[in-house]
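Engineer: This is the structure, below, for whatever I ask next.
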Amino acid sequence: MTHIITSLCLRDAGCVDVCPVECIVPGKPQEEWPWFYIDPDTCIDCGACIPECPFEAIFPEDEVPTAYTAKGGEYISNIGLKGHYEGTNHHGEQVVLDSVRQLAAGEVVDLSPDIKPNYDYFTQGTGYKALE
Ligand code: SF4
Ligand code: SF4
């Protein structure tokens with residue numbers, strides 16, 4: 001198994017610092033790979049990254065919610081969305097995203113389609129280069 005970063009990720013980067021096997025990398029280019037991604041072949045399922053994420057975006061693969069109920073105000077980030085987000089990441093650097101949508105309280109979202117990109121990034125994306 002592996003842990004999975006979902007579309008609730010707003011590129012805060014805090015998780016990267018705590019991963020003991022350095023298997024979390026930022027998606028590049030950001031327009032095509034909007035989140036950070038976990039290399040499924042390297043992740044040891046230690047769970048250290050989960051409490052570091054301010055947006056609660058990380059789940060064990062078998063616990064990724066198919067019906068995530070929004071608290072309200074959080075964002076999902078995905079290709080094709082049109083909303084704008086600006087924030088500051090864990091290291092005090094600016095984060096600007098132009099493909100987000102803010103969720104309404106009680107809105108239910110299936111996050112399970114977010115599993116596949118965590119695999120694809122390391123086979124089809126530039127993830128394999130990021131880990132070299
Ligand atoms: S801490 Fe959360 S928001 Fe930040 S990069 Fe990791 S998964 Fe994404
Ligand atoms: S579960 Fe552990 S090994 Fe896997 S990405 Fe998170 S911190 Fe890294």
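Engineer: Give me the pairs, please: first residue somewhere in region 48-74 and farther than 14 Å from residue 2 by Cβ, second residue anywhere and among the acidic types (Asp, Glu), beta-carbon distance under 6 Å, and either six or more positions apart or on two chains.
Structural biologist: 54/12; 66/110; 70/107
Engineer: Now, a different point. Just to be sure, is residue 129 over 28 Å from residue 66 (Cβ atoms), exposed (fewer than 11 other Cβ atoms within 10 Å of the Cβ), charged (D, E, K, R) and without any contact (Cβ under 8 Å) to a residue 40 or more places away in the chain?
Structural biologist: Working: over 28 Å from residue 66 (Cβ atoms): yes; exposed (fewer than 11 other Cβ atoms within 10 Å of the Cβ): yes; charged (D, E, K, R): yes; without any contact (Cβ under 8 Å) to a residue 40 or more places away in the chain: yes.
Judged against the criteria, residue 129 is a match.
Engineer: With the requirement that a residue be surrounded by fewer than 16 Cβ atoms within 10 Å (Cβ to Cβ) and either free of Cβ contacts under 8 Å to residues at least 12 places away in the same chain or more than 18 Å from residue 55 (Cβ to Cβ) (or both), what does region 107-125 give you?
Structural biologist: Selection gives 113, 116, 120, 123, 124.
Engineer: All but one of (1) touching a helix residue (DSSP H, G or I) at 6+ places or on another chain (Cβ under 8 Å); (2) of a type in the set (A, V, I, L, M, F, W, C); (3) part of a loop (DSSP other than H, G, I, E, B) hold for residue 21; which doesn't?
Structural biologist: So residue 21 meets the others, but not (1).
Engineer: Among the candidates 22, 74, 63, single out the residue that is under 23 Å from residue 130 (Cβ atoms) and charged (D, E, K, R).
Structural biologist: So the residue among 22, 74, 63 that is under 23 Å from residue 130 (Cβ atoms) and charged (D, E, K, R) is 22.
Engineer: Run down 25, 16, 64 and say which single residue is surrounded by 16 or more Cβ atoms within 10 Å (Cβ to Cβ), modelled with pLDDT of 95 or more, within 9 Å of ligand 1 (Cβ to nearest atom) and within 26 Å of residue 124 (Cα to Cα). Even if it seems obvious, please write down each step before you answer.
Structural biologist: Working: 25 fails: within 9 Å of ligand 1 (Cβ to nearest atom); 64 fails: within 9 Å of ligand 1 (Cβ to nearest atom).
Within the list 25, 16, 64, the selection yields 16.
Engineer: Just one of (1) loosely packed, with under 15 Cβ neighbours inside 10 Å; (2) not in a loop (DSSP other than H, G, I, E, B) trips up residue 76, so point out which.
Structural biologist: Of everything listed in (1) loosely packed, with under 15 Cβ neighbours inside 10 Å; (2) not in a loop (DSSP other than H, G, I, E, B), residue 76 misses just condition (1).
The values are calculated or read from the model by the stated rules, or taken from the named source; none is laboratory data. This structure is a prediction, so every number in the text was calculated from the model and none was measured. No Cβ is skipped: glycine too gets one built from the backbone with ideal geometry, and neighbour counts run over all protein chains shown.
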